[in-house]
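Data first, discussion second: the structure below is written as structure tokens.
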2 protein chains.
Amino acid sequence: MPCLQHNESARTRQGTALPHYMQKKKPNVDRIFHALGDPTRRAIMEKLSEGPISVSRLAEPLDITLAAVVQHLQVLEESGLVQTEKIGRVRTCRIEPAGLSAAAQWIGERRSRWEKRLDRLGDLLAEPDEDD
Amino acid sequence: MPCLQHNESARTRQGTALPHYMQKKKPNVDRIFHALGDPTRRAIMEKLSEGPISVSRLAEPLDITLAAVVQHLQVLEESGLVQTEKIGRVRTCRIEPAGLSAAAQWIGERRSRWEKRLDRLGDLLAEPDEDD
DNA sequence: AGAATACTTAAGTATCCACTTGACAATCGG
DNA sequence: CCGATTGTCAAGTGGATACTTAAGTATTCT
């Protein structure tokens, strides 16, 4: 069970340990982008965007072992990008839209901050006779 | 110069070698998501979203060495997320909006594909008397 | 019941990659 | 011109992680 801990402590945190009450604050963005950082996992998301599918069907086009696919799925599920459900002996996987939304939101925030900055800059260039 | 090759060939490609004429097709999504997969690099993007800034100013809050920051910046620049310009001895870094756009687009495509699927499903449930 | 399917889990390996150190290069300030 | 800033480059290290193999579990088929 202590197998898939990412334990990003070493590099992720800058200073000393976080107080426990803000430990789980937004664990998702970290995990989501880490998950999307792997090309195989993006390929899995690609396939999943076509619709729900079983683990072995997912593995078919991937030319890695089933076991490896399962490991990727665990990462994706823990990050909240994917949701799975086992019925009988087959586990069906589907996209969890909230995960992709969180990623999109992070990107959108940074982008709009940057663009707002550009706008203000534009204003300054347009009216250079305000006080300073 | 052959220092920062990611050389994702082994795992990224599924089958045999790609023909050279489709090698550089969309190298960006891979690099962009790999770049955003690292928390330190996301912190850099965060800071950059406040406006252009020099390398050493960027490094200050990061408690890693300047050299490490430079390496992260190379990854970010090669992925197209960041643009830099050196004037005198100081290199100024800024966000390249096209990079974030590409990431946002990738996410948006998968998300909308998935949601379109859900819509069709909704239609079926709503009108179960169409032919099959 | 026995065989086949569809995963699951654990352990080991090899590669990748974030980071450091240390030496060097170029520019700026007195 | 000398020292201080600001950044660059190369090599090395340790830890993370994508993947494999191999053995095990639970379900379905005949």
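The table for this structure:
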quantity	calculated
Residue-averaged beta-carbon neighbours from other chains (10 angstrom radius) around A:47-55	3
7 Å along Cα→Cβ, label-point gaps from B:VAL70 to other copies, nm, shortest first	4.6
Inter-label distance for B:GLU50 and A:VAL90, nm, one decimal - labels placed 7 Å from Cα along Cα-to-Cβ	5.3 nm
Peptide A:29-36, shielding by other chains (average Cβ, 10 Å cutoff)	4
Cα extents of segment A:48-101 along the three principal axes, largest first (Å)	29, 23, 20
Amide H partners (placed H, <5 Å) of A:ARG91, local residues excluded	A:VAL55
Average other protein chain Cβ within 10 Å of Cβ, residues B:105-116	6
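Each value in this text was obtained by applying a stated rule to the coordinates, not by laboratory testing. All of these numbers come straight from a predicted model, not from anything done at the bench. Note: ideal-geometry Cβ built from the backbone for every residue, glycine included; neighbour counts use all protein chains shown.
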